[in-house]
Amino acid sequence: MNSLILKINSLKREISPLVEKRIEEFLEVQKSDSKRWFSELCFCILTANSSAELGIRIQKELGEKGFLTMSLEELREKLRSFGHRFYSKRAEYIVEARRYAESLKKIVTDLGEFSAREWLVKNVKGIGYKEASHFLRNVGYFNLAILDRHILSVLSEHGIIEKPKTLTRRRYLEIEGKMRDLAEKVDLSLGELDLYLWYMKTGKVLK
C-alpha cells in the first residue's frame, strides 16, 4: 500500500485541479432536478460492461429528453448506431427505469447514499453495486467505492487485494473497506480517490 500512497500523493500535485473540477461538476448535478439525475442514471446503465467514454457520447447526443421520451425501438436503434454491444438490453433497462425519473432525486435524498445504493441495486435493472456507486458519486455523494476493472487492477497490482473473479455483495463491501482505509491515508474521499486511481490506468479524469 505504501507505494500506492506515494503515487497518489505525487499525482495530487499533478492533477488535483482536474479532480477538483470534476467534483464541482458532480455537486452541480446534485443541485439539479430529478430528470437530470435520471440522465446520470442512464449514463451508468450504459457504462456497465462498456466504457465511460461511450456513455458520455451517448448521453451528450440524447440529452435528458432522449432518455425520457424516445420509444424503445428508437432508443435501441440509437444505441446500436453508437456501437453499444448491448444496445437492446440497455434500451429496455432505460425505458423500464423511467418509472423513477420524477422521483429519483427524492428517493435518494430521503434514503441517504448507503441505503440508496441498496435500493438502486434492488429496483433498477442493469444496476449493480458498481453502477449504483458510480451514479451516486456523479450526483454528489462521495463515500462509496466504484469498483470497476481499472480500480481493481490498481489495487491488485499494489498487493492490496487479490483480483476477484466475481464481485458478490460481501466481496464488494470488503474491498470497499480497504479502499476506505486507503482514502483516509491519502486524505481523500472515496469519490476523489476513484478519479486518481482511474487516471493511473487511463491517463484521463472522466466522470
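The values are calculated or read from the model by the stated rules, or taken from the named source; none is laboratory data. Just so you know, these numbers come straight off a predicted model, no measurement behind them. Heads up, the Cβs are rebuilt from the backbone with ideal geometry, glycines too, and the neighbour counts pull from every protein chain shown. The protein model used for the area step is the full one, side chains on, heavy atoms only, and it has no ligands, DNA or RNA in it. Shrake-Rupley method; radii C 1.70, N 1.55, O 1.52, S 1.80 Å.
Observations on the model:
- Filter result (in a helix (DSSP H, G or I) and in contact with a Leu (Cβ under 7 Å, 6 or more places away or on another chain)) within the stretch 165-175: TYR172, ILE175
- If you filter the stretch 19-49 down to residues that are outside any helix (DSSP H, G or I) and in contact with a helix residue (DSSP H, G or I) (Cβ under 8 Å, 6 or more places away or on another chain), you find that the one that is modelled with the highest pLDDT is ASP33.
- Of the residues making up the stretch 160-198, not one is modelled with pLDDT under 95, surrounded by 13 or more Cβ atoms within 10 Å (Cβ to Cβ) and either hydroxyl-bearing (Ser, Thr, Tyr) or at positive phi (or both).
- Qualifying position, being part of a helix (DSSP H, G or I), modelled with pLDDT of 95 or more and touching a helix residue (DSSP H, G or I) at 6+ places or on another chain (Cβ under 9 Å), among LYS105, LYS125, LYS89: LYS105
- Subset tally (residues that are modelled with pLDDT under 95 and either under 18 Å from SER34 (Cβ atoms) or buried (at least 19 other Cβ atoms within 10 Å of the Cβ) (or both)) for the stretch 128-150: 1
- Single condition SER156 does not satisfy, out of (1) surrounded by 21 or more Cβ atoms within 10 Å (Cβ to Cβ); (2) more than 30 Å from ALA101 (Cβ to Cβ): (1)
Okay, residues lined up against (1) open to solvent by 50 Å² or more (accessible area, probe 1.4 Å); (2) closer than 30 Å to LYS89 by Cα; (3) not charged (D, E, K, R):
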| residue | (1), (2), (3) |
| --- | --- |
| ARG13 | yes, no, no |
| GLU24 | yes, no, no |
| VAL29 | no, yes, yes |
| LYS35 | yes, yes, no |
| CYS42 | no, yes, yes |
| LEU46 | no, yes, yes |
| ALA52 | no, yes, yes |
| ILE58 | no, yes, yes |
| LYS65 | yes, yes, no |
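- Only a single criterion out of (1) in a helix (DSSP H, G or I); (2) over 16 Å from the mean Cα position of the chain (by Cα) is not satisfied by LEU120, namely (2).
- If only residues of the stretch 176-207 that are in contact with a Leu (Cβ under 9 Å, 6 or more places away or on another chain) and of a type in the set (Val, Ile, Thr) are counted, the one that is farthest from GLY128 (Cα to Cα) is VAL186.
- Checking GLY83 against (1) on the phi < 0 side of the Ramachandran plot; (2) of a type in the set (Gly, Ala, Ser); (3) without any contact (Cβ under 8 Å) to a residue 60 or more places away in the chain, the condition it does not meet: (1)
- Within the stretch 99-125, the set of residues being more than 23 Å from ALA145 (Cα to Cα) and surrounded by fewer than 16 Cβ atoms within 10 Å (Cβ to Cβ) comprises ARG99, GLU102, SER103.
- Counted residues, the stretch 70-85 - those being open to solvent by less than 70 Å² (accessible area, probe 1.4 Å) and either outside any loop (DSSP other than H, G, I, E, B) or touching a Ser or Thr at 6+ places or on another chain (Cβ under 9 Å) (or both): 6
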